[in-house]
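Peer 1: What follows is a single structure, and I will ask about it in a moment.
The values are calculated or read from the model by the stated rules, or taken from the named source; none is laboratory data. Everything numeric in this text was worked out from a predicted model, so none of it was measured. Neighbour counts run over all protein chains shown; Cβ positions are idealised from the backbone, glycine included. Only protein heavy atoms, including side chains, enter the accessible area calculation; ligands, DNA and RNA are left aside. Shrake-Rupley method; radii C 1.70, N 1.55, O 1.52, S 1.80 Å.
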Amino acid sequence: MPRSFMKHETVSSMNLSSVGYDPHSRTLEVRFRNGSLYQYADVPASVHRGLMNSPSKGSFLDSFVKKAGYKVSRIA
């Protein structure tokens, strides 16, 4: 399984396990509880902050990241 070298923070969520963010490349990385790992490109820091502060991480990710159309790559 490919490894992420981005620092992740464990989150409280039914579907998400951890979230990482690189402000220099504006890359958001999300690891799901099933072990899959996705990177979203060109995500503003404000969206990352919103995700981390949201009471429902999964709903926020769906509404403001997935449906926003950021380029996504599955890396694991």
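Peer 1: Using a 1.4 Å probe on the protein heavy atoms, what percent of the accessible area of the chain belongs to carbon and sulfur?
Peer 2: Looking at the chain in its full context, I get 51 percent from C and S.
Peer 1: Work out the charge dipole of the chain with +1 on the Cβ of Lys and Arg and -1 on the Cβ of Asp and Glu about the Cα centre, then indicate which of SER13, ALA45, ILE75 is farthest towards its positive end.
Peer 2: After comparing all options, I get ILE75.
Peer 1: Which one is right for this structure if log10 I(q)/I(0) by the Debye sum over Cα atoms at q = 0.17, 0.25 Å⁻¹ is calculated from it: (i) -0.55, -1.33; (ii) -0.77, -1.06; (iii) -0.83, -1.06?
Peer 2: Derived directly from the coordinates: (i).
Peer 1: Kindly provide the helix-only [θ] at 222 nm of the chain, computed as the sum of -39,500 (n - 2.57) over DSSP H runs of four or more divided by all residues, to the nearest 500 deg cm²/dmol?
Peer 2: -4500 deg cm²/dmol
Peer 1: Still on this model: If you roll a 1.4 Å probe over the heavy atoms of the protein chains, what accessible area per residue do you get for the chain, in Å²? Kindly include the intermediate steps, with their values, before the conclusion.
Peer 2: Working: 4770 Å² over 76 residues.
Solvent-accessible surface per residue comes out at 63 Å².
Peer 1: May I ask you to rank LYS66, LYS7, LYS57 by accessible area, largest first, using a 1.4 Å probe over the protein chains only?
Peer 2: LYS7, LYS66, LYS57
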